[in-house]
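Colleague: Sharing a structure, written as structure tokens. Questions coming.
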Amino acid sequence: MACKCVEKRGYYTYASSLREVCFEKRKFKKNLRNTVSSPPLVNRAVSRWRSLPRSNCILSMDVREKSRSPLYESSKHKRVPIYVMMPLDSFGVDMTGTPRIRKIKALTISLKALKLAGVHGIAVEVWWGIVEDSSPFAYNWSLYEELFKLISETGLKLQVALCFHSNMRLSSRGLGVNLPKWIMEIGQLNKDIYYRDRNGYSSDDYLTLGVDHHPLFCGRTALQCYEDFMISFMNKFEPLLGNSIEEISVGLGPCGELRYPAHPFGDGRWQFPGIGEFQCYDKYMIEDLKVAACEEGKPHWGNKGPEDAGSYNSLPFGVPFFGEGRENFLSDYGHFFLEWYSDRLIGHADAILAMAANMLAKYQQDEQNPVLLVAKVGIMYWWYQTASHPAELTAGYYNTAARDGYDPLASMLSRHGAALQISCFEMLDDETPSSYLCSPEGLLEQLRTASKKRIVRLTGRNADERFDKAGLWQIYANCYHSDAEAARSFTYFRLNDKIFKVENWNNFVPFVRKMSTDL
């Protein structure tokens, strides 16, 4: 049965492996019937077998930098392992309030199918809002113990993302994960623990970096909360580090990315290709801005963010701050504000990654079983071909036509031995609207150049689902760029029923095989 269809589809080497996992026909169908609410993901997976304070300023560190991240010989590989990210709605809460893996039988079959296809591992988001939800220090790792065991027994490796953000606005049917309940209770009394825009609207997806050093969380600062969580994780899963767990990315902002929530999804404030808004209006960041302005000898610069910077959905044309206004992005004030804004973001990542790197030091230095520390950045590629790069500026990347904003970021990552995960590996400039002056290719090339200069390894991720041959080929080409080290790994975003549709699967499997084969 399987062999005939495999040959028909051209998977000549796939047939023998397929027989090993598909069991005997009746038993296989029985498993499907027993799957609770078996989604199209499972049904199609089976049936188709047959047919990413100013004193902290670190913008200039060329002289004092001594990189901790030389490329190991083992990293100079010619093979890019593929991780597939878990579904967004992987977890649910039972009647007792205990988090559970949803549709575990369906997930098990899907994992076996991915393993047979040549997928190297699974990317798992470990949520702060699940593990430390009820009260401070009450860590409950049971869900992840079960999930990691399931994945490891399938023969797949693990890429773990420690998530200190919420994904409620991105999830469907209310199946997302909030910040911990005890954090949100604090937020009900003090909305300034979240980022705020100039109109006072707060985004409760992630704590503002303004509270990194304020003991507002039952006597702990935000940084101490993140550190304690990471320590608990390392202690709990130490036997898996360097064995099953090969990569750990640490959340640094919204969606886990090092950026401000300047382009909020899901709440109606922003739509592509809006320039976004600066997010520095919580009282803690304003206090810090005032101190920085006084140190600069310009106390009046510290009262608020830039004037005439437009709104979330403004286009850059005619917006004075991003154009030819008196205090625009090129003015002394503009330089002061943008440097402060981006410097605080890099300082936030610097502090978190320093803690993580210290915990992972012995694994980073283990050439046999290393654990790669990863940081994610956002890719704000629209308006990239303008002089001001407004979408990047509001997100916290002080990158313009006249200034490289990614070199200081790469320099910081290099000191911690951290790799950089970049999305948009599947995108081409000519696939974007020309009127929005987009350049995902140009931005990716700039990041690649900065990473090469600072000896920072790259990992990739797609931003949009692509199963067509052109999109997958673009991913392959970016992973094996001719002028740079091959990507350390690639994370496919993400597992769902679409991946198992016959036309998609017939493109995806050869892509995985090609990426996983030594050249």
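The values are calculated or read from the model by the stated rules, or taken from the named source; none is laboratory data. Keep in mind that this is a model prediction, so the values were computed, not measured. Cβ atoms come from the backbone with ideal geometry, glycine included; neighbour counts cover every protein chain shown. What goes into the accessible areas is simple: the full protein's heavy atoms, side chains included, and nothing from ligands, DNA or RNA. Shrake-Rupley method; radii C 1.70, N 1.55, O 1.52, S 1.80 Å.
Colleague: So who's got an amide H within less than 5 Å of the one on Lys157, skipping anything under 5 residues away but keeping other chains? H placed 1.01 Å off N, in plane.
Modeller: Correct list: Gly121, Ile122.
Colleague: Now for a different question. Efficiency by 1/(1 + (r/R0)^6): what FRET value for Glu238 and Arg326, r their Cβ-Cβ distance, R0 = 60 Å, to the nearest 0.05?
Modeller: For R0 = 60 Å, the calculated efficiency reads 0.55.
Colleague: What percent do you get for the relative contact order of the range 76-169 when only Cα pairs under 8 Å and 6+ apart count?
Modeller: Reported relative contact order: 32 percent.
Colleague: Turning to a different aspect of this structure: Order Met427, Met95 by their accessible area, 1.4 angstrom probe, all chains in place, largest first.
Modeller: Largest accessible area first, the residues go Met95, Met427.
Colleague: How much accessible surface area, in Å² rounded to 10, belongs to the heavy atoms of His389 with a 1.4 Å probe?
Modeller: Accessible area of His389: about 10 Å².
Colleague: What are the ³J(HN,Hα) couplings of the range 381-398, residue after residue, when phi is run through the Karplus curve with 6.51, -1.76, 1.60 and θ = phi - 60°? Round to Hz, x for glycine and proline.
Modeller: My calculation for the range 381-398 gives 8, 7, 6, 5, 8, 8, 6, 8, 6, x, 5, 6, 4, 5, 7, x, 9, 7 Hz in order.
Colleague: Past 27 Å, Cα to Cα: identify those pairs from Lys290/Lys452; Lys181/Lys498; Lys115/Lys469; Lys236/Lys362, in the order given.
Modeller: From the list (Lys290/Lys452; Lys181/Lys498; Lys115/Lys469; Lys236/Lys362), the Cα-Cα distance tops 27 Å for Lys290/Lys452; Lys181/Lys498.
Colleague: Using the structure shown, select from Lys304/Lys453; Lys191/Lys304; Lys112/Lys376 the pairs with a Cα to Cα distance greater than 25 angstrom.
Modeller: Lys304/Lys453; Lys112/Lys376
Colleague: Using only protein heavy atoms and a 1.4 Å probe, report how much of Val502 is accessible, in Å² to the nearest 10.
Modeller: Approximately 30 Å² for this residue.
Colleague: Once you have a ≥ b ≥ c as the square roots of the Cα gyration tensor eigenvalues for the range 196-287, tell me rounded if a/c is under 1.5, and otherwise prolate or oblate according to whether a/b is larger than b/c.
Modeller: Taking the square roots of the gyration eigenvalues as a ≥ b ≥ c, the range 196-287 is oblate.
Colleague: Rounded, prolate or oblate: which fits the range 386-519 when a ≥ b ≥ c are the square roots of the eigenvalues of the alpha-carbon gyration tensor, with rounded for a/c under 1.5 and prolate only if a/b beats b/c?
Modeller: Oblate, because a/c is 1.5 or more while a/b does not exceed b/c.
Colleague: For the range 338-439, rounded, prolate or oblate, judged on the Cα gyration tensor with a ≥ b ≥ c (square roots of eigenvalues), a/c < 1.5 rounded, else prolate if a/b > b/c?
Modeller: It comes out oblate by the Cα gyration axes.
Colleague: Relative contact order of the range 211-305, please, whole-number percent, based on alpha carbon pairs below 8 angstrom and at least 6 residues apart.
Modeller: Relative contact order comes out at 13 percent.
Colleague: Still on this structure: Any chance you could look up the accessible area of Leu175 with a 1.4 Å probe, heavy atoms only, rounded to 10 Å²?
Modeller: Near enough 40 Å² of accessible area.
Colleague: Moving on. For Tyr194, enumerate residues with amide H under 5 Å from its amide H, sequence gap 5+ or separate chain, H modeled in the peptide plane.
Modeller: Long-range HN contacts for Tyr194: Thr208.
Colleague: Take every Cα pair under 8 Å in the range 274-432 that's 6+ residues apart, average their separations, divide by the length, and report that relative contact order as a whole percent.
Modeller: Dividing the mean separation by the residue count of the range 274-432 yields 21 percent.
Colleague: Something else: Applying the Karplus parametrisation 6.51 cos²θ - 1.76 cosθ + 1.60 with θ = phi - 60° to the phi angles of the range 275-280, what ³J(HN,Hα) value in whole Hz is obtained for each residue in order, glycine and proline being reported as x?
Modeller: 6, x, 10, 5, 10, 9
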